[in-house]
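**Q** Please read through the structure below; I'll follow up with questions.
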């Protein structure tokens, strides 16, 4: 409510005075440092296209398209980098000291005075400003605004505004970077772990310059794929350029740019730039001291199955130019503001609030509507090769489901679309139904797990995770037509998989699952992993319930297996075991244990409060004894586990812990662990969000509806927590966790 009043006052003030209004600081991340070694890039994306960012705001950065993949022989599928579209360069002109281009001048406070770069997450824009002084001592005030349109997903724009402190002729370059294929390429399809490490080590030794701290630890493995440029073209008179391209053994794409100049400015010269690495325009213009000039690069991008060829894409870029930057930006901002009507508001913890907004920003930037593409593990970046893991179904999907169900839907639709390759994979391993891969190509759904990591083909809990997400979507929307046509086929064939995968232990009168990889992945090829068995049991129960909803006859084996599924348990310690007691729990891993995941909101294994408490205490102990640089996917779940135990302050401590180390400055990029630089992990952003949506509220999506399964909790220093504009079965309401007059934490629902 406080933010709403501030925003209303701001709008009225701006209308009256036509002045700039400061945004809510929880939506703003800024840096005033020009040191490249402390710059961890963010990205701008709209679920369809993206670009990484650079410190100057004018660099040409790696860019990607949704599920646009390279299929180089013997390598895994990986995102093909499309021509870099963000680049603009500026020169103050030739002098006796030479000619200096902004992007070639070393970053530093002398050349880039008054530097600031701001990610405005409410508007979805990146703004960079500074006073640029080149070696000829000519100074120019520079401001760059860049965005990938949330309102028009094919479009992006970058505007460079300059205010020169001199009169003369300046030059500007607008171009696409035509990336060379990444070298070296490894035969990851066939390389084992030792070969991979040797190759990475050899490659690392050949690095000529020190890598900055934002370079992923596994950069030699997570390199980008290649897009070949087939038909580049440019028109100096029309101030535009375009190309058709094709990913290596993959799909086609198209890209175009139209350049907008100030209305009353006539260029003195326009030349086409066309070589092996660049396609664009070099424009010379006269400028006067103290006057501001804005130059805009309107970019349109398409890919096979989503848009047309270069000429059709060029028409979109030119139409955007006719529309104008301000109108395009206003539509983009309005679309972001509409998204933020569903929000999570914390009263009493500014740091947690800002982290929530950055995590939601990254989730929303990479989500979309009306498609059947999943969410890549590390968004539209090459990390983890942009493959779809269980991260998509069990982490991102629940985080979006109540706030943005239309953006969660493509994740479950992807699994329906890719049932056939999952069937083929089940046949390959002698199973029935569908066996979804650990790492799925986001375009085809085909297994692209690296050979050196292929032990995780036994991490089959992903098949249960997918079924649970399908059922959660139905429960949240109540869409029985969707369930019958899309969800039920996926749920049914996953249940068939589990029937073929279990083993009946006649002596113990129970069903077991052998030869699996635990979520704590150092434990490979173990029997009866508790998380896997519990998830399989839930998937089978779901299949029975789904069959009844669609009027089908459930396989009797589903209920029989579920009711006799073995989940390892220590009677002496009154806690669950990670897996069968025959396997020593003695390895140092980056999770210590996976017991807290039994309390994961989507799974939420039923247990007594005492067992839940014992599981939690064991998890914490194992993090101390057997944990090493813990994975953030575990750490964000500890707040949920503590909340289930009614420990609001402990949950708050874990929320605070997840604000340290894992958030990389300056743009709150979440990394896989506090110590490594594997950034843009969406599962960890989603897990942090789930700590609030399901953890502190105690809410669960189940057959009864959106149920208050646990008592709500708040950290002592917080006043309230509000989930704004929750969507559930056609209704919209706010969920407010606050304190009554007696100080007791209560949850209320307020219809919108």
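We did not get these values from a lab; they are worked out from the coordinates using the rules stated. A quick note: this is a predicted structure, and the numbers were derived from the prediction, not measured. In this analysis, Cβ positions are derived from the backbone assuming ideal geometry, glycine residues included, and neighbour counts consider all displayed protein chains.
**Q** Just grab the label-to-label distance for residue 167 and residue 335, each label 7 Å out from Cα along the Cβ direction, in nm (one decimal).
**A** Spacing of the two 7 Å Cα→Cβ label points: 4.3 nm.
**Q** Right, next: Highest mean first, what order results for 99-107, 696-704, 394-402, 254-262 on Cβ atoms within 10 Å?
**A** 394-402, 254-262, 696-704, 99-107
**Q** Something else: Can you tell me the Rg and the Dmax, both Å, for the Cα atoms in the range 221-374?
**A** Gyration radius and largest Cα-Cα distance of the range 221-374: 19.8, 57 Å.
**Q** Under a point spin-label approximation (7 Å from Cα along Cα-to-Cβ), what is the residue 659-residue 192 distance to one decimal in nm?
**A** 4.8 nm
**Q** If you line up the long axis of helix 530-550 against the longest principal axis of the chain, both from Cα atoms, how many degrees apart are they, to the nearest 10?
**A** Compared with the principal axis, the helix lies near 90 degrees.
**Q** With everything on Cα atoms, drop me the angle between helix 419-428 and the longest principal axis of the chain, reported from 0 to 90° to the nearest 10.
**A** 60 degrees
**Q** Sticking with this structure for a sec: Between residue 36 and residue 218, 0.36 nm times their residue separation minus their Cα-Cα distance comes to what?
**A** Length gained, residue 36 through residue 218: 63.5 nm.
**Q** Can you tell me how much longer the chain between residue 751 and residue 424 gets when fully stretched, taken as 0.36 nm per residue apart minus their C-alpha distance, in nm with one decimal?
**A** That works out to 113.0 nm of additional length.
**Q** What is the ratio of the Cα radius of gyration of the chain to 2.2 N^0.38 Å, with N the residue count, to two decimals?
**A** After normalising by residue count via 2.2 N^0.38 Å, the value is 0.98.
**Q** Give me the Å³ per residue figure for the convex hull around the C-alpha atoms of the range 293-446.
**A** Cα-based convex hull of the range 293-446, divided per residue, equals 166 Å³.
**Q** Only Cα pairs under 8 Å and at least 6 apart count here; give the relative contact order of the range 172-328 as a rounded whole percent.
**A** 25 percent
**Q** Okay, next question. Normalized C-alpha radius of gyration of the range 409-478, against 2.2 N^0.38 Å?
**A** Taking N as the residue count of the range 409-478, the ratio is 1.12.
**Q** Calculate, axis by axis, the spread of Cα positions in the range 655-751 along the three principal axes, and write the results as whole Å, longest axis first.
**A** In descending order, the Cα extents are 42, 33, 21 Å.
**Q** Right, another one. What's the exposure ranking of 59, 439, going from fewest to most Cβ atoms within 10 Å?
**A** 59, 439
**Q** Could you put 521, 644 in order, starting from the residue whose Cβ has the fewest other Cβ atoms within 10 Å?
**A** 521, 644
**Q** In degrees between 0 and 90, to the nearest 10, how far off the longest principal axis of the chain does helix 193-205 point, with axes built from Cα atoms?
**A** In the chain, helix 193-205 runs at an angle near 20 degrees to the longest axis.
**Q** Over the chain, what is the mean sequence separation of C-alpha contacts under 8 Å (at least six apart), divided by residue count, expressed as relative contact order in percent?
**A** Contact order relative to length: 12 percent.
**Q** Let me ask something else about it. Arranged by the count of other C-beta atoms within 10 angstrom, fewest first, what order do 692, 176 take?
**A** 692, 176
**Q** Just order 219-229, 725-735 by mean Cβ neighbour count inside 10 Å, highest at the front, would you?
**A** Final packing ranking: 219-229, 725-735.
**Q** Once label points are set 7 Å from the Cα along Cα→Cβ at both residue 500 and residue 544, what is their separation, rounded to one decimal in nm?
**A** Each label point lies 7 Å from its Cα, and together they span 2.3 nm.
**Q** Any chance you could run the full-extension gain for residue 294 through residue 717? It's 0.36 nm times the residue separation minus the Cα-Cα distance, nm to one decimal.
**A** 147.6 nm
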